[in-house]
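Peer 1: One structure, as structure tokens, below. Some questions next.
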Amino acid sequence: MPPTQGHSRVTSHTYAWLIFIGLALFAFNALVFIHYTAAPQVRSDVWRHLHEIVIPFLEGRDSAAVLWTNHHPSPLLHLIQIANLKWFDLRLDLDAYLGFFFQFFTVGLLLAHILSTTHSHNDERQWPEAIAGLLTIAVYLGFNVVEQYSWPLLTTVQYLYFFAIILYLSIDRCVATGSVMSWIIVASVALFFMFANADFGSVFLASAAAALVLVFSLERRSIYLNTALAIIAAWAAYHGVLWYLEPNPWRPPHDTWSALLRMVTQPLTTATQYGLALAWGLADIGTLRSRYPELEPVLVTLAPLLTLAMLVTFLAYCLKKCYRRSLVPLMLMLSPATFAVSLYIFRSWVTFEDIWGLAQMRYAPTWKLAIVGMLWALWILAKEQTPGGRNTSRKIIAGSSLTMVMLLLIQIWQIHLAWNEKANRKRNGNNHDALGIYLLAEKDENNFEPNILLHAHPGADWVFQDTLDYLKLNNLNVFSANYPESPLLDRHVESRNAFLTTEDAIIAKPKDGWQQSTRAIEKSPIKWALEENRFTLKNNTNTDAYVSITLNGTSNRAPHNSVWVSTDRENYRVRIYKGTVVLYFTAASNDQLQLHTPTPNRIDRIEIRSPGNSR
């Protein structure tokens, strides 16, 4: 074996291990973060899904057609929710693991095909491929959007990006072979993608069809046009059947055409919006913008350059006919454009006036794919050995190396920030929300405004009492015995159950107006006192004592929406809301319990029960 051949093999194995280690580290970090922060409780749009779609279907009040009635028709998502409800008591954190499964396999598919299309057998240098692999992992499994891991609904729909890559790869295979079976596969994948999410599928099918038509105009090969027509036919057939079953003509918002016109007539503004969106595919610019406001003008100024870089890469890829290696980078670079146009049409009220209108947290995974597509195209361009191409190749590889170092440093900072500043906040938020949902279901005791608790849009009536009653009646979500450990909820439920079953040992039941002076029970070993909004109880018995406290909350905003709790062993906070809230606590044997609320809130009633009010 020649020495160079052995050295090349060892080098190749070294970089393969480097890519594997990078993938394992990013995946492990994401999984642990999901385990720690993913919200098991029902929140945001899931309330609407349950109320309007899932529960009516399960109760037989609506047929299967209701699965298509979401404003973004997503029957696959609702089938996943139904399966979760039936088999796992609606633990939404499990949906997050399912979503990450698809995200992991998406990056696996990307890695395999990026490396296969950029590898040259006559090029012994393997480190450019290692750069390509590590950059792909850093972009797609990075922490540009923490909510992608902590908000299960956003994590779950990662299967849509998996289907997008499957569609693009099947198209790549189809134009390479031209077989009838490959067309059938493309049409089948397209139809299933539309079934998963008709709107999202339309965006990615549009980018695929546009890329195929563009290449047909350059190559004049019928295979490209025929494949584009097959995709369009699949799209039309799906929508045609839906329209026939349930006619629902769509009319754009009144300012849609104004937004589209501005997109064309104000190219600098459009390029800035688009560049800011693409930047979210590289880094968490939302956090950068909030933490360092002075950077916002810099980001806005530089954003058009990123749009220009995407455009130049796209044109170079077409002019060099690199699509002959793979059509996928071309489709990936077109997908954010079709996605942006759809936002201008469907969400023009968001994008029309706001320069950051396209740079939204929930859209970031789409921009990530666009960045991967651009980098992939650059690596293929670097492999094209045309006259003078070696210098270009070196420049692209050098630029990729610099980008990799910068991006890895950014990801390290983002991961550090996520764990040190966001993880505990999100976990605590989940615990508070779980207790809040439980309190809302106890409508005989509690009456407060729910929207801020459940992350609904202002004014949206997304918390439905019948949905809460359904969850409670069927022991689902926070009412399930299988619900994950939630300290605030667990303490409250255990204390409440013990309080309600301790009926014959009421040792304090203050009446209205008692709080205007300090009181104590002199003949009991349990001592308590109230001074303004601070309640203190000293349990000198050998058994636990249980406390019910009725509060009149005056605000949904911190710090007034809290009760601070301290015992001899721990300190914690319980969130309350504007309205009436009844909380339950346990004062352990020979322990002190102290409750303190901000002045605007009012303690209306305190009741203490203990099964052992003497030693």
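The values are calculated or read from the model by the stated rules, or taken from the named source; none is laboratory data. Since we're looking at a predicted model, the values are computed, not measured. FYI the Cβ positions are ideal-geometry reconstructions off the backbone, even for glycines, and counts take in every protein chain you see. Accessible surface areas use protein heavy atoms only, side chains included; no ligands, DNA or RNA. Shrake-Rupley method; radii C 1.70, N 1.55, O 1.52, S 1.80 Å.
Peer 1: Counting other Cβ atoms within 10 Å of each Cβ, which trypsin sites (Lys or Arg not before Pro) in the range 17-111 have at most 15 and sit in a DSSP loop?
Peer 2: Sites meeting the loop and neighbour criteria: R61.
Peer 1: Sort R491, R291 from largest to smallest accessible area, using a 1.4 Å probe on the heavy atoms of the protein chains.
Peer 2: Heavy-atom accessible area, descending, gives R291, R491.
Peer 1: Right, something else. To make sure I understand the rule: partners must be aspartates and glutamates, Cα under 19 Å from the Cα of K426, and not fewer than 8 residues away in the same chain. Which ones qualify?
Peer 2: Hits, sequence-local ones excluded: D45, D93, D95, E147, D284, E485, D490.
Peer 1: Something else: In what sequence, largest accessible area first, do S486, S401 appear using a 1.4 Å probe?
Peer 2: My answer, sorted largest first, is S401, S486.
Peer 1: Let me know the shape class of the range 16-106, please: from the alpha-carbon gyration tensor, a ≥ b ≥ c as square roots of the eigenvalues, rounded when a/c is under 1.5, otherwise prolate if a/b is greater than b/c, or oblate.
Peer 2: Prolate.
Peer 1: Cross-link list K368/K422; K538/K578; K86/K443; K443/K578; K321/K383: which exceed 18 angstrom alpha carbon to alpha carbon?
Peer 2: K368/K422; K538/K578; K86/K443
Peer 1: Would the range 562-615 count as rounded, prolate or oblate if I go by the C-alpha gyration tensor, calling it rounded below 1.5 in a/c and otherwise prolate when a/b exceeds b/c, oblate otherwise?
Peer 2: Here the range 562-615 falls in the oblate category.
Peer 1: Between the range 552-594 and the range 53-93, what is the C-alpha centre distance in whole Å?
Peer 2: Here the two parts' Cα centres lie 36 Å apart.
Peer 1: Given the protein chains as shown and a 1.4 Å probe, how many square angstrom of K472 are accessible, to the nearest 10?
Peer 2: 80
Peer 1: What shape does the range 277-372 take by its C-alpha gyration tensor, where a ≥ b ≥ c are the square roots of the eigenvalues and a/c under 1.5 counts as rounded, a/b above b/c as prolate, and the rest as oblate?
Peer 2: Verdict is prolate for the range 277-372.
Peer 1: Would you mind checking the radius of gyration and Dmax of the range 18-59 based on alpha-carbon positions, in Å?
Peer 2: That works out to 17.2, 52 Å for Rg and Dmax.
Peer 1: What list of ³J(HN,Hα) values in whole Hz, one per residue of the range 28-35 in order, does the Karplus curve 6.51 cos²θ - 1.76 cosθ + 1.60 (θ = phi - 60°) give from phi, with Gly and Pro shown as x?
Peer 2: With the stated coefficients, the range 28-35 comes to 4, 4, 5, 5, 5, 5, 4, 4 Hz.
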